[in-house]
Amino acid sequence: MKNKLHIKKNDSVIVLAGNDKGKKGKVLKVIVDKRRAIVEGVNMVSRHTKPSAKNPQGGIVKQEASIDISNLSLIDPKSGKATRIAIKVTEDGKKIRVAKKSGEEIK
């Protein structure tokens, strides 16, 4: 069974549940097989890192951890609020994502 997700990389999303509820951000990465996404500035965790060539100092680094897709919703381009999406087929056979609230195309 192939997983179909309503969220893609570079989408603007809002967090619906959890400690970061209400925060908005851009999707940096989607982990399809685990149904999770990494969102900019959301679900920040502290990682203890050893010194390396990339980070010669080492120490504690703050970075984003993944969040479940079910806790995210796309932002309507018109109103800026959370919306569900619909898939519309254009005349030339292309599938586009459309916001349910406003009918605007999601790019």
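Okay, here's what the table says:
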read-out: Residue within the stretch 63-86 that is part of a loop (DSSP other than H, G, I, E, B) and of a type in the set (Val, Ile, Thr) present; value: no
read-out: Any hit, the stretch 84-98, residues being without any contact (Cβ under 8 Å) to a residue 24 or more places away in the chain, farther than 21 Å from Lys4 by Cα and surrounded by 12 or more Cβ atoms within 10 Å (Cβ to Cβ); value: no
read-out: Hits in the stretch 1-55 - residues which are open to solvent by less than 70 Å² (accessible area, probe 1.4 Å) and either acidic (Asp, Glu) or more than 12 Å from the chain's Cα centre (by Cα) (or both); value: Asn3, Asp11, Ala17, Gly18, Asp20, Gly22, Val45, Ser46, Thr49, Ser52, Asn55
read-out: Hey, Lys81 in contact (Cβ under 8 Å) with a residue 12 or more places away in the chain, open to solvent by 80 Å² or more (accessible area, probe 1.4 Å) and basic (Lys, Arg) or not; value: yes
read-out: Single residue of the stretch 56-75 satisfying the filter (under 14 Å from the mean Cα position of the chain (by Cα) and not polar (S, T, N, Q)) that is surrounded by the most Cβ atoms within 10 Å (Cβ to Cβ); value: Leu72
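The values are calculated or read from the model by the stated rules, or taken from the named source; none is laboratory data. Nothing here was measured: the structure is a model prediction, and the numbers come from that model. Here Cβ is always computed from backbone atoms with ideal geometry, including for glycine, and neighbour counts include all displayed protein chains. Areas reflect the complete protein model, heavy atoms only, side chains present, ligands, DNA and RNA absent. Shrake-Rupley method; radii C 1.70, N 1.55, O 1.52, S 1.80 Å.
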